[in-house]
């Protein structure tokens, strides 16, 4: 899991102090990369690559529409799935009926991890 902070959506990337506060509030433990662009024409290379991939989840656009878009890349380097901002990546503390094991994102990650790694 990697986080890419961006001010492309209403300048919400935040300064380092705000980011640390947000990480603590939402228990973020994965690496996050500097605030930069995720939208064309100034998209960082990883987002330009993502947007050039075949879309595994139409009608959802691959390009992030707001903060907290999520992308799953398989062991073979192909884009497997993506989710928009509202999809919570685990056990949503705001939803008492939610469970880590029923999260669409967790299910997709487990399915990818269960696949055999491609030969080098």
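The values are calculated or read from the model by the stated rules, or taken from the named source; none is laboratory data. Just so it is clear, the model here is predicted, and its values are computed rather than measured. Here the Cβ positions follow ideal geometry from the backbone for every residue, glycine too, while neighbour counts run over all protein chains shown.
How many of the residues in segment 33-50 are assigned to a helix (DSSP H, G or I) and either under 13 Å from the mean Cα position of the chain (by Cα) or under 22 Å from residue 111 (Cβ atoms) (or both)?
At the first step, the residues of segment 33-50 found to be assigned to a helix (DSSP H, G or I) are 45-50.
Then drop every residue that is not either under 13 Å from the mean Cα position of the chain (by Cα) or under 22 Å from residue 111 (Cβ atoms) (or both), which leaves 46-47, 50.
Matching residues across segment 33-50 total 3.
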Cβ pairs under 8 Å, 6+ apart, first in segment 104-120 and closer than 13 Å to residue 1 by Cβ, second modelled with pLDDT under 85 and assigned to a helix (DSSP H, G or I): 106/100
Extreme residue, farthest from residue 37 (Cα to Cα), among residues of segment 84-104 that are touching a helix residue (DSSP H, G or I) at 6+ places or on another chain (Cβ under 6 Å) and surrounded by 14 or more Cβ atoms within 10 Å (Cβ to Cβ): 90
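Name the residue, out of 57, 85, that is assigned to a loop (DSSP other than H, G, I, E, B) and in contact with a strand residue (DSSP E or B) (Cβ under 8 Å, 6 or more places away or on another chain).
Working: 85 fails: in contact with a strand residue (DSSP E or B) (Cβ under 8 Å, 6 or more places away or on another chain).
Residue meeting the stated conditions: 57.
Does residue 119 meet the test of being part of a loop (DSSP other than H, G, I, E, B) and over 29 Å from residue 8 (Cβ atoms)? First the steps, then the outcome.
Values: part of a loop (DSSP other than H, G, I, E, B): yes; over 29 Å from residue 8 (Cβ atoms): yes.
Yes: the conditions hold for residue 119.
Run down 113, 72 and say which single residue is surrounded by fewer than 13 Cβ atoms within 10 Å (Cβ to Cβ) and not in a loop (DSSP other than H, G, I, E, B). Can you show your working first?
Details: 72 fails: surrounded by fewer than 13 Cβ atoms within 10 Å (Cβ to Cβ).
Exactly one of 113, 72 is surrounded by fewer than 13 Cβ atoms within 10 Å (Cβ to Cβ) and not in a loop (DSSP other than H, G, I, E, B), namely 113.
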Selection count, segment 88-110, where residues are in a loop (DSSP other than H, G, I, E, B) and over 21 Å from residue 60 (Cβ atoms): 6
Count of residues meeting criterion [under 21 Å from residue 79 (Cβ atoms) and at pLDDT below 80] in segment 6-47: 4
